[in-house]
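The values are calculated or read from the model by the stated rules, or taken from the named source; none is laboratory data. Remember, predicted model here, so these are calculated numbers, not experimental data. Virtual Cβ from ideal backbone geometry, glycine too; neighbours counted across all protein chains shown. Remember, those area values only see protein heavy atoms, side chains included, never the ligands or the DNA or RNA. Shrake-Rupley method; radii C 1.70, N 1.55, O 1.52, S 1.80 Å.
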Amino acid sequence: MNARSVRGALAVAASLCALTGVTACNVESGSTSAGADKSASSAPSAKDLKVGWSTIYLTPSWMQQTLKMLQTDVDKLKSAGKVSSFKTFNANGDTSQQIAQIRAMIQQKYDVILVDAGSSTALNPALEQAVAAGITVVAFDSLPTSTKVIRVGTDQKAWGSMMAEWLAKKLDGKGSIIAMNGPAGVAVSEDRWSGAETVFKKYPDIKIVSNVHSEYNLAPAAQAFASAYSAHPDIDGVFSQGGALSAAALQTLVKQDKKLVPITGENYNGFLKLWQSKQKEGFSSLATAQPNYLSVIALEAAVAKREGVDVPQDIDVPLPEITDDNLGDYAKPDQADDSYPINDLPQADIDKLIGK
């Protein structure tokens, strides 16, 4: 998961949903079905599909961008007669509410359920119940462990190793660095750091002088980095696994008029814009992204599955690389700092990933 934080929700709302059988406590967007509900246990087909997206939260800008991209693909599939309706179910950060909403979709005989999971394990029984009912279930971004659903994601350990390898080579294999990681115990943060640590162990002359954990938000990240930097002002680089973390580190160096050491990053627009503005001063970075088009791949995979395509159970989406050379294709001066610019993935690439 990229730099974004979960919003809490009332567990009581989830209980009400489960008890009353309401389709969703928070239906954020969508349209009414073009026809009567179809049986989820009917023979697979890709015509007039009833599609629902269950997301653990929707407030962060990354999720809003994901919804916008997903809606564009839904509109295309509606025009082709493959999708009749689409609704978004927002669990407001409450896993129990997300489970209730998934079970409500089963009762409402959805054909396709897309999932951005609030827990890697807690949703498994509900998702497997959906599969048993004949519903095509595809998870993306934050994935469950169930082997019964199709999973679309990126390799988070590869994320960390990519960033670490670039930084190590940029420093010629030696120097002192501060590591900026996400909250301790969060799976995505632990996986990214695991990938990075494996790389750094190959470079004994690279010293990690401080390993900082912070929320994936600018204010706490700035405070955490400032504290580490004041203790270690002679660093040669920064390993950062989140865009707001990277922005916080670079902003600190700029404000204090310090040497602009290499900092790894993510497609957080605030970081990209600052990176672009400091290129002439010699600042260099490598960034990647948790691309919003994971949602589009998930929907296309679900439709293909209904059409009889042998879709892989696990779809590993390559991580994009944002470099000094192609930065201009990503940084968006006219967009908010907390947006996550990403280019669309060509349909031919999507088709290849889903086995068409």
**OP:** Filter region 245-277 down to the residues that are without any contact (Cβ under 8 Å) to a residue 60 or more places away in the chain and among the polar types (S, T, N, Q), then identify the one that is nearest to F225 (Cα to Cα).
**Re:** T252
**OP:** Of the conditions (1) open to solvent by 10 Å² or more (accessible area, probe 1.4 Å); (2) in a helix (DSSP H, G or I); (3) of a type outside the set (D, E, K, R), A301 clears all except one; give me its number.
**Re:** (1)
Subject >> region 178-196 - residue that is open to solvent by less than 40 Å² (accessible area, probe 1.4 Å) and in contact (Cβ under 8 Å) with a residue 60 or more places away in the chain and, of those, farthest from A231 (Cα to Cα) >> reply: V188
Original post:
Which one of these is surrounded by fewer than 24 Cβ atoms within 10 Å (Cβ to Cβ) and either farther than 15 Å from M163 by Cβ or in contact with a helix residue (DSSP H, G or I) (Cβ under 8 Å, 6 or more places away or on another chain) (or both): A248, A219, A244?
Top reply: A219
Subject >> Filter result for D351 (over 20 Å from the mean Cα position of the chain (by Cα), among the acidic types (D, E) and not in a loop (DSSP other than H, G, I, E, B)) >> reply: yes
Subject >> Selected residue (criterion: nearest to A187 (Cα to Cα)) from residues of region 82-118 that are touching a Lys or Arg at 6+ places or on another chain (Cβ under 7 Å) and open to solvent by 10 Å² or more (accessible area, probe 1.4 Å) >> reply: G93
Original post:
List the pairs whose first member sits in region 211-223 and is of a type in the set (V, I, T), whose second member is open to solvent by less than 20 Å² (accessible area, probe 1.4 Å), and whose Cβ atoms are under 6 Å apart, counting only residues at least 6 apart or on separate chains?
Top reply: V212/M180; V212/A228
Original post:
Between residues in region 330-356 that are under 19 Å from D73 (Cα atoms) and residues that are acidic (D, E) and not in a loop (DSSP other than H, G, I, E, B), which pairs lie under 7 Å by C-beta distance while being six or more apart or on different chains?
Top reply: N343/D329; I350/E300; I354/E300
Original post:
Among S246, S285, which is closer than 20 Å to Q156 by Cβ, polar (S, T, N, Q), in a loop (DSSP other than H, G, I, E, B) and at pLDDT 95 or above?
Top reply: S285
Subject >> Residue under evaluation A126, criteria (1) of a type in the set (A, V, I, L, M, F, W, C); (2) assigned by the TED database to the domain that holds V303; (3) in contact with a helix residue (DSSP H, G or I) (Cβ under 6 Å, 6 or more places away or on another chain); (4) part of a strand (DSSP E or B), criterion not met >> reply: (4)
**OP:** Give just the number: which of (1) buried (at least 16 other Cβ atoms within 10 Å of the Cβ); (2) outside the structural domain of L253 (by the TED database) does D351 not satisfy?
**Re:** (1)
Original post:
Residue check: is G175 touching a residue at least 24 places away in the same chain (Cβ under 8 Å), in contact with a helix residue (DSSP H, G or I) (Cβ under 7 Å, 6 or more places away or on another chain) and either open to solvent by 10 Å² or more (accessible area, probe 1.4 Å) or not charged (D, E, K, R) (or both)?
Top reply: no
